[in-house]
Amino acid sequence: MFPFRPGAFALVLGTLMLVACSSQAVVPQSQVPAVAADGTAEEIPGKTSAALGPEIVAAAGEAASIGFNNAAQVVTSDDGSQHFVYITERSTVWHYDPATGATPISSSSGRKSLTAIAAADGVLVVAWTEGTGGTESIRVSESKDGGKTWTAPSVLATGATGVSLAADGGTVVATWHRGSEQSADILFARRDPKTGTWSEPVQVDTSTAGPVWASVDISGNNVYVTWRDNRNGAYQVYLRRSTDGGKTWLTEQVVGAANTGDPTVCTGDNGVVWLAHHGKGKITVLRSTDGGATWGAGQTVGDGWSPRMSCDSEGNMILGWEQAEGMSARAATTKAAAYVTGTADGVLGKAQTLDEASGTTASVTIREDGYADAVWIHHPEGNDEALTGQLWRAVVEIS
């Protein structure tokens, strides 16, 4: 199976702060690699198997868009290379890898946000939300040469946003929501690895309210879709599983208490599944050892919002989020990009901070060599109103 998978990606405005406790290790500004006078910084090789960074991705300049937390994403392809997607000035979608640099994917006039990226056998797939004339749509583009060239963007769904992608082997799957937080549907589609065409979307939820912000992962024929749902009043986290690649779906499960939302999910090949969500300003992690049929008790790993998760084939995971105290990510004044790791047998590491001045959550992808990649937008110090920043990345060890 395809061993590297991002957990899932979708979304909310916000940013991050370190929890003030001795269990978290801060990376001070003094340890950030120096930037040359011309504004560039040394790039990190794509296949490095060692902890590195934080590091500025100089190719992105100073105009990487913040907006929603899915402004930047990273994935590891089957050859061990890292691939990044980000947006500048809310108008241009870019692909970046350390070997070939930055390549524009789309620069049409629509306003762009909420990126996602997946790496399947021989193909990279990037998706994003694009708003034109008051209507949002999800656009996709593909590359079969490692990101050097990209197909013209096509529309995957109209009246939709919050796309999440995942891949296993040659298969890429997508989920998103169509509608508003008052009335919406969670939809799912898969890409045919032979033809490159997408299946007709199917509705995953059975809600009559406003389910939104879905996340997806896949291992073989096992597909997991999770989202937040207000069918019973307060938002709760729901999960639905398929064991035949998304052709049919098992009964929905409630996996979060009242006032939880924006979940992320990832799975190994061995029945170990991880899920994380926020709720009342806390980040909570749950683990299943039977393919998502049952779940252990949740564990709080920090304060904040917008968790993003990735698993390797053995079920080890890394979780990134926007660290911020308080009940509102928008109201938080001190923010950071944070992460925690977990082993397949359920042992969580200590929460760590990547950047004390982040403008987005830390999006993550795990490798099969004991390391993981993270990417986020660094928010310029003293520029609270800015909607742009620097693209930063790091490589961290999975403990």
Partners for residue 335 among lysines (Cα-Cα distance below 26 Å; same-chain residues under 8 apart left out):
112, 280, 282, 350
Which values of log₁₀ I(q)/I(0), to two decimal places, follow from the Debye formula for region 245-341 at q = 0.11, 0.21, 0.23 Å⁻¹ with a uniform point scatterer at every Cα?
-0.33, -1.03, -1.17
Hits among lysines - C-alpha to C-alpha of residue 247 under 30 Å, sequence gap 8 or more where chains match
144, 194
Debye log10 I(q)/I(0) for region 82-154, one point scatterer per Cα, at q = 0.13, 0.16, 0.18 Å⁻¹
-0.33, -0.49, -0.62
Full-extension gain in nm, residue 248 to residue 194, via 0.36 nm per residue minus C-alpha separation
17.3 nm
List the trypsin sites (Lys or Arg not before Pro) in region 172-213 that DSSP assigns to loop (not H, G, I, E or B) and whose Cβ has at most 12 other Cβ atoms within 10 Å. Which are they?
194
Judged on accessible area alone, 1.4 Å probe, highest first, 148, 282, 112 line up as 148, 282, 112
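Can you give the local net charge around residue 354? Use residues other than it whose beta-carbon is closer than 14 angstrom to its beta-carbon, Lys and Arg +1, Asp and Glu -1. Can you show the working numbers first?
On the way: positive: 308, 335, 350, 393; negative: 55, 322, 355, 356, 373, 397.
Neighbour charge sum, excluding residue 354 itself: -2.
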Where the centre of each part is set by its Cα atoms, how far does region 123-187 sit from region 207-254, in angstrom?
18 Å
As straight-line cross-link partners of residue 148, the qualifying aspartates and glutamates (C-alpha separation under 14 Å, not fewer than 8 residues apart within one chain) are 97
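Accessible area per residue of region 109-186 at 1.4 Å probe, in Å²?
Values: 2630 Å² over 78 residues.
Roughly 34 Å² per residue, with all protein chains present.
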Under the Kirkwood approximation for Rh and a Cα-based Rg, what ratio Rg/Rh is obtained for region 97-198?
0.97
Once the convex hull of the alpha carbons of region 135-267 is built, what does its volume come to per residue, in cubic angstrom?
110 Å³
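The values are calculated or read from the model by the stated rules, or taken from the named source; none is laboratory data. Just so it is clear, the structure is predicted and the values come from calculations on it, not from any experiment. We place every Cβ from the backbone using ideal geometry, glycine too, and count neighbours over all the protein chains shown. In case anyone asks, the SASA skips ligands and DNA or RNA and just uses the protein heavy atoms, side chains included. Shrake-Rupley method; radii C 1.70, N 1.55, O 1.52, S 1.80 Å.
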